[in-house]
Amino acid sequence: MASSSHCPTKVLKARVWTMSSRFIGVPKKTDFKLTVERIPDLDTGEYLAEAVYISVDPHIRAISDELQVGSAMPGLQIARVIQSLNRKFPVGSYVHGAFGWRTLTVDKGQTRSVPTYVLPDYLNDKSMEVSYGLSLLGVPGLAAYFGLTEVLKPRRGETLVVSSVAGGVGNFAAQIAKKILGCNVIGITSRDNKAKWCKDRGGIDQTISYMDQDVVEQLNKFAPEGVDYYFDTVGGDIANSVLSCMNDNGKIAQCGAISGYCNDVPGKIQC
Ligand SMILES: NC(=O)C1=CN([C@@H]2O[C@H](COP(=O)(O)OP(=O)(O)OC[C@H]3O[C@@H](n4cnc5c(N)ncnc54)[C@H](OP(=O)(O)O)[C@@H]3O)[C@@H](O)[C@H]2O)C=CC1
Ligand SMILES: CCCCCC(=O)/C=C/[C@@H]1[C@@H](C/C=C\CCCC(=O)O)[C@@H](O)C[C@H]1O
């Protein structure tokens with residue numbers, strides 16, 4: 001029997017956010033409903049985890065047509081184990097799991113839409129934070145790292161453009177490309193304040209604010225010899241602009257297409 005602080009008599013309740021109506025365009029507060037769910041006593045092999053961080057991802061809007069109205073919102077979490085009848089998930093450990101938008105989850109450690117796992121012992125390093133398990137050391141960091149090193153494989157000094165460069169995935173992709181791979185990195189974001197943050201904090205070479213500047217004009221200025229690689233997460237008009245500046249045999253990693261996620265038309269995601 002695994003060690004446990006399991007208390008069968010105390011009634012625990014989870015708060016669970018559900019989709020109360022189908023999204024039209026950008027989701028509104030009234031499209032969500034907060035419900036309460038009783039947590040049953042644990043069975044052998046189960047553990048109870050309390051949410052510490054919940055990741056609210058653009059991807060959820062993209063797949064929302066597949067959700068049933070009234071169902072719990074899906075999403076990744078870092079949760080802390082507070083009761084356990086499973087040796088692999090001891091009390092006090094932090095778990096990465098696709099538990100959705102809920103405060104308490106009973107789980108068995110099974111793979112859901114992504115594997116469920118206890119965060120490795122990087123937490124012993126005081127410079128590391130639990131939240132990194134959902135960011136740099138989670139899916140956004142992996143998407144950025146493998147999109148660059150397995151798909152694009154840019155070489156030092158080559159020119160790479162990254163869209164949504166102030167977002168989770170884009171910001172990691174741009175920093176890995178600059179600081180580890182030594183590329184000339186041009187990032188695209190909406191506004192100047194975000195662009196400034198990417199340059200000052202992220203060390204990105206050049207930025208383009210697509211709300212205020214002409215993307216093609218700026219690309220021609222920053223990459224007069226053309227763009228070699230494009231790490232794209234937005235699709236649509238921005239992607240078309242970058243495509244028009246690509247060199248022959250340039251490479252594109254299509255990692256998302258956020259510009260289309262809130263369009264309620266058939267074939268809404270335009271890459
Ligand atoms: N989170 C994940 O694990 C993964 C995410 N992705 C994809 O990466 C993309 C970004 O996700 P993520 O980094 O998590 O999200 P974030 O929420 O961190 O960043 C999203 C950013 O996208 C930009 N954006 C929003 N709407 C538009 C639009 N209409 N046109 C252009 N840019 C827009 C905004 O930045 P700005 O103000 O600069 O426009 C916004 O801040 C999505 O396409 C997603 O599907 C792919 C793999 C994994
Ligand atoms: C449809 C466009 C594809 C965009 C790719 C993308 O953004 C993928 C992201 C996921 C990310 C999603 C995060 C939360 C969903 C959790 C679903 C659940 O069952 O709870 C992560 O799941 C892995 C990436 O592939």
- prompt: Of Phe89, Phe172, which has the most accessible area with a 1.4 Å probe, and how do the rest follow in descending order?
  reply: Phe172, Phe89
task: Run down the aspartates and glutamates and flag those whose C-alpha is under 13 Å from the C-alpha of Lys88, throwing out any fewer than 8 positions away in its chain.
output: Glu46, Asp107
- prompt: At a 1.4 Å probe radius, carbon and sulfur cover how many percent of the accessible area of segment 13-118?
  reply: 54 percent
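Please work out how much length the chain gains when fully extended from Val151 to Arg87, using 0.36 nm per residue of separation minus the C-alpha to C-alpha distance, in nm with one decimal. If you can, show how the numbers build up before the last one.
Numbers: separation 64, 0.36 × 64 = 23.04 nm, distance 3.78 nm.
Full-extension gain reported as 19.3 nm.
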task: For the chain, build the charge dipole from Cβ charges (+1 Lys, Arg; -1 Asp, Glu) around the Cα centre, then report which of Asn86, Ala223, Tyr210 sits farthest towards its positive end.
output: Asn86
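Direction-averaged shadow area of the convex hull around the Cα atoms of the chain, nm²?
Details: hull surface 65.5 nm².
Averaged projected area of the chain's Cα convex hull equals 16.4 nm².
If R0 is 51 Å, what FRET efficiency do you get for Leu34 and Lys199 from their C-beta distance, rounded to 0.05? All intermediate terms of the calculation are to be shown ahead of the outcome.
Numbers: r = 40 Å, r/R0 = 0.78.
Result of the calculation: an efficiency of 0.80.
Tell me, what is the per residue accessible area of the chain in Å², probe radius 1.4 Å? Intermediate values should be presented prior to the final figure.
Values: 14320 Å² over 271 residues.
So the chain comes to 53 Å² accessible per residue, rounded to a whole number.
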- prompt: Under a GNM of the chain (C-alpha, springs under 10 Å), which listed residue has the highest mean-square fluctuation: Arg112, Arg22, Arg61?
  reply: Arg112
field: Reachable lysines from Lys179, criterion Cα separation under 26 angstrom, eight or more residues apart if same chain
entry: Lys126, Lys153, Lys194, Lys196, Lys199, Lys221, Lys251
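State to the nearest 20 debye the size of the charge dipole of the chain about its Cα centre, where the only charges are +1 on K and R beta carbons and -1 on D and E beta carbons. The partial results should precede the final answer.
Details: 29 positive and 27 negative charges, 161 e Å.
The dipole of the chain has a size of about 780 debye.
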- prompt: By average Cβ neighbour count within 10 Å, what is the ranking of 137-149, 178-190 from highest down?
  reply: 178-190, 137-149
- prompt: When we measure straight from the Cα of Lys28, which lysines land under 20 angstrom away, once same-chain ones fewer than 8 places off are left out?
  reply: Lys268
- prompt: Calculated FRET efficiency, Ser190 and Glu217, Cβ-Cβ r, R0 22 Å, to nearest 0.05?
  reply: 0.85
- prompt: If we sort 196-203, 101-108, 52-59, 30-37 on the protection proxy, mean other Cβ atoms within 10 Å, highest first, what's the order?
  reply: 101-108, 52-59, 196-203, 30-37
query: Per-residue ellipticity at 222 nm for the chain, helices alone: DSSP H runs ≥ 4 residues times -39500 (n - 2.57), over residue total, nearest 500 deg cm²/dmol?
result: -4500 deg cm²/dmol
statement: Under the 7 Å Cα-to-Cβ spin-label approximation, Val56 and Gln254 lie apart by a distance in nanometres of 2.9 nm
- prompt: So how far apart, in nm, are the two label points at Asn124 and Asp264 if each is 7 Å from Cα heading toward Cβ?
  reply: 5.3 nm
- prompt: Which residue, Asn86, Asn171, Asn249, has the most motion in a Gaussian network model of the chain that connects Cα atoms within less than 10 Å?
  reply: Asn249
statement: Answer in debye to the nearest 20: the dipole magnitude of segment 139-260 about its Cα centre, from +1 Lys/Arg and -1 Asp/Glu charges placed on Cβ, is 500 debye
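The values are calculated or read from the model by the stated rules, or taken from the named source; none is laboratory data. This one's a predicted model, so the numbers in the text were calculated from it and none came from an experiment. Every residue, glycine as well, gets a Cβ built from its backbone with ideal geometry; the counts of neighbours run over all protein chains shown. The protein model used for the area step is the full one, side chains on, heavy atoms only, and it has no ligands, DNA or RNA in it. Shrake-Rupley method; radii C 1.70, N 1.55, O 1.52, S 1.80 Å.
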